[in-house]
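A short worksheet on the structure shown next.
The values are calculated or read from the model by the stated rules, or taken from the named source; none is laboratory data. Computed from a prediction, not measured in an experiment: that's the story for all the values here. Glycine also receives a Cβ, built like all others from the backbone with ideal geometry; neighbour counts cover every protein chain displayed. Side chains included, ligands, DNA and RNA excluded: accessible areas come from the protein's heavy atoms. Shrake-Rupley method; radii C 1.70, N 1.55, O 1.52, S 1.80 Å.
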Amino acid sequence: MAERPQQDLSLALTEIGLEVAIAWQKWPPFNSVHEGYAVILEELDELWEEAKRKHPDQGKLRAEAKQVAAMAIRFMIELT
């Protein structure tokens, strides 16, 4: 198998981990499953807004996807 996908996965997971750490420094834990869901949905909406553009910015798409993933991980850790 090609190494590129594994390298890409490793980089993405590192970036997501850093995003989770930043979120923990900035924001308290989710108060409820509903709040966690709402935060994930808000991040997903921001990703969708960029995706709908005629010429989406690849950096913004990546940043928003990273935030969606980070909030999903926070949800997994804090609420399940």
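Filtering ILE40, ILE16 for residues that are closer than 13 Å to PHE75 by Cα and in a helix (DSSP H, G or I) leaves a single hit, ILE40.
Of all residue pairs spaced 6 or more apart or on separate chains, those with beta-carbon atoms under 7 Å, a first member in region 13-34 that is without any contact (Cβ under 8 Å) to a residue 60 or more places away in the chain and a second member that is of a type in the set (Asp, Glu) and assigned to a helix (DSSP H, G or I) are PRO29/GLU78; PHE30/GLU78. Residues considered: LYS60, LYS54. Of these, the only one that is basic (Lys, Arg), in a helix (DSSP H, G or I) and either open to solvent by 50 Å² or more (accessible area, probe 1.4 Å) or touching a residue at least 40 places away in the same chain (Cβ under 8 Å) (or both) is LYS60. Only a single item in (1) open to solvent by 100 Å² or more (accessible area, probe 1.4 Å); (2) modelled with pLDDT under 95 is not met by ALA2, and it is number (1).
Candidates in region 24-37 are the residues that are touching a Phe, Trp or Tyr at 6+ places or on another chain (Cβ under 9 Å) and assigned to a helix (DSSP H, G or I); of these, the one that is most open to solvent (accessible area, probe 1.4 Å) is TYR37.
Evaluated against (1) open to solvent by 50 Å² or more (accessible area, probe 1.4 Å); (2) within 15 Å of the chain's Cα centre (by Cα); (3) not polar (S, T, N, Q), ALA21 falls short on exactly one condition, (1). Taking the conditions (1) in contact (Cβ under 8 Å) with a residue 24 or more places away in the chain; (2) under 13 Å from the mean Cα position of the chain (by Cα) in turn, ALA65 satisfies each one other than (1).
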